[in-house]
Amino acid sequence: MSTQSTAGIDEPGSSGATPEPGPVVDHPSRSDWFVQGTSGLIGGPLGDHAAALERPTGREGRFWTAARIVLALVCLTLALHWVQKSPCQDGAWQNNVQYTRMCYTDVLALYYAEGLNEGKVPYADHPVEYPVLTGYFMGALGLPVHAVGTDNPGINQGQWFYNLNALVLGALAVATVAVILNLRRRRPWDAALFALSPALVLTATVNWDLLAIGLAAFGLLAWSRTRDTVRGLLPAVSAGVLLGLGGAAKMWPLFLLGPILILTVRAGRLRAGLVTTAAALVTLVAVNLPVAIPYRENWGRFFDLNTTRPIDWGTLWYIGRYLDGRISPSAPGELGPFEWLNANISTLNWVSYLLFGLACLGVAALALLAPRRPRLAQLAFLVVAAFLIFSKVWSQQFVLWLLPLAVLARPRWGAFLAWQFAEVCYFAAFYGELLGTATSRPVFPEGVFVLASSLRLITVAVLCGFVIRDILRPEQDAVRQTYDDDPDGGLLDGAPDAPWYQRWRSRAVERPVEPVPA
């Protein structure tokens, strides 16, 4: 990886000699138009001669570096999340308190629904609606709580289970921020986008998604350590194992393998991509087999549920169902196109898969046709976002999937905060919809929820548009204004395109246009 630098940064204890050049460290108050504008509220952007947090003073330097501040901020955010969920912790959900206080969490509800309070072993004694690693995780925390509760009947097992999960999932969130800081040593304030995310405050422990997020983050970190040597391929194996484990917890980390493969193809480093993909698939199979063979029916609950599930709230398809009877009303007894898809779920599944597949092909074409090889995080964000946009299920906590990828792909505050605002609006509208369904008294017109769903969809699509623009115009990429290439790319970072690709591009893409004869 090449190193950008700037002269004039004195090291402690240095003499009057010319200082060694050091790496450029990004300051959002200078580089981000949104932060630069809002910094006027506290006196304006950081000055050239300010005592920057990254600059050591004295022999030991400052304690409150940017990285430590960001880590403290994510701990504060998780504490606020715990407070927000506290009205539901006792499990005594009377008078729809889980909806009126917007504190519902699957973690507590499924402790009872999955039989953990009775000591049932996931998959062996009860079918589980999640991939196996999530089921293992539930059992690893839930069964000891049940054992303790059996000997101490006075404790609230559900509350203990929730708080134990909140502690472990919170640690994974902090670890994810630490990974982002590690990947962006010259841009430490980028991690504050994740640490201060309103979506993290509202959804961190709604489900077990942070388990997969933490594993995927460590997988990206391992990939960033790959080198084009035999020893350097060991991180590629580690990356595959971690992504495979993430895919065994929630499916989406497996989607990162596609961007890795297409980028290694363009760079002529396919061996590393294949090693990572093979390691991920072997890990996925190894984690699933101990359950899939002896408890096939219970193991298949996840697949059965996703195959038979109709259109869920807040999705593109849900918005379409709402618009069916308003844009072009059907004749009596006829179904609009989206309502028909909801009644024919197998067709809905195939249409959803087809659109996602086409989107992936589009991302692959973008990776090959872009004037400069895209960064891994950019393609990963586009693929996961496409899955959410075209999926028939878009649960409230799925926003967490995109958080670390958005930070790594496009660390700009303006569009990010607009997206987060849309997610907060959707969160509030979603709980209003739940409360209206539970009480049979609508809290607000259905159009309000559809509007909030549309706003979420539009802001994610806008973020995708900005990422695509940065790929096509790499000079506008914020990360490449600090780094020469791709700090997440590992052996791809700074590598030239493959010779075959350069020859193909010179013939097929950059061929000069012949003048038209007069």
Turns out the helices (runs of 4 or more DSSP H) fully within segment 193-269 with at least 3 residues that are under 15 Å from the mean Cα position of the chain (by Cα) are 198-203, 209-223, 234-249
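Tell me the residue from L256, L210, L215, L263 that is at pLDDT 95 or above and over 25 Å from V287 (Cα atoms), please. Before the answer, list the steps.
Values: L256 fails: over 25 Å from V287 (Cα atoms); L210 fails: over 25 Å from V287 (Cα atoms); L215 fails: over 25 Å from V287 (Cα atoms).
Step by step, each of L256, L210, L215, L263 is checked, and only L263 is at pLDDT 95 or above and over 25 Å from V287 (Cα atoms).
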With the first residue restricted to segment 347-363 and required to be more than 16 Å from V384 (Cβ to Cβ) and open to solvent by less than 60 Å² (accessible area, probe 1.4 Å), and the second required to be of a type in the set (A, V, I, L, M, F, W, C) and not in a helix (DSSP H, G or I), Cβ contacts under 8 Å at 6 or more apart or on different chains are L348/I311
Of the conditions (1) among the aromatic types (F, W, Y); (2) open to solvent by less than 40 Å² (accessible area, probe 1.4 Å); (3) out of contact with any helix residue (DSSP H, G or I) (no Cβ under 6 Å at 6 or more places or on another chain), the single one that W401 does not satisfy is (3)
In segment 203-216, residues that are open to solvent by 10 Å² or more (accessible area, probe 1.4 Å) and over 24 Å from A109 (Cα atoms) total 1
Checked against (1) open to solvent by less than 50 Å² (accessible area, probe 1.4 Å); (2) over 26 Å from the mean Cα position of the chain (by Cα), P290 satisfies every condition except (1)
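Tally the residues that are without any contact (Cβ under 8 Å) to a residue 40 or more places away in the chain and not aliphatic (A, V, I, L, M), restricting the search to segment 396-420.
Just the residues of segment 396-420 that are without any contact (Cβ under 8 Å) to a residue 40 or more places away in the chain, to begin with: 405.
Remaining after also requiring not aliphatic (A, V, I, L, M): none.
Looking only at that region, the number is 0.
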If you go through N165, N117, the only one that is crowded, with 22+ Cβ neighbours inside 10 Å and either closer than 29 Å to N298 by Cα or aromatic (F, W, Y) (or both) is N165
Within segment 61-87, residues being open to solvent by less than 40 Å² (accessible area, probe 1.4 Å) and either touching a Gly at 6+ places or on another chain (Cβ under 7 Å) or free of Cβ contacts under 8 Å to residues at least 24 places away in the same chain (or both) number 2
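For segment 33-47, state whether one or more residues are modelled with pLDDT under 95 and among the hydroxyl-bearing types (S, T, Y).
yes
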When restricted to I458, I471, the only residue open to solvent by 40 Å² or more (accessible area, probe 1.4 Å) and either within 24 Å of the chain's Cα centre (by Cα) or closer than 11 Å to A429 by Cβ (or both) is I458
One residue is enough: does segment 178-191 have a residue meeting the conditions in a helix (DSSP H, G or I), modelled with pLDDT of 95 or more, open to solvent by 60 Å² or more (accessible area, probe 1.4 Å) and not aromatic (F, W, Y)? no
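The values are calculated or read from the model by the stated rules, or taken from the named source; none is laboratory data. All figures in this text were calculated on a predicted structure; none of them were measured in a lab. Virtual Cβ from ideal backbone geometry, glycine too; neighbours counted across all protein chains shown. Calculation scope for accessible area: heavy atoms of the full protein, side chains included, ligands and nucleic acids excluded. Shrake-Rupley method; radii C 1.70, N 1.55, O 1.52, S 1.80 Å.
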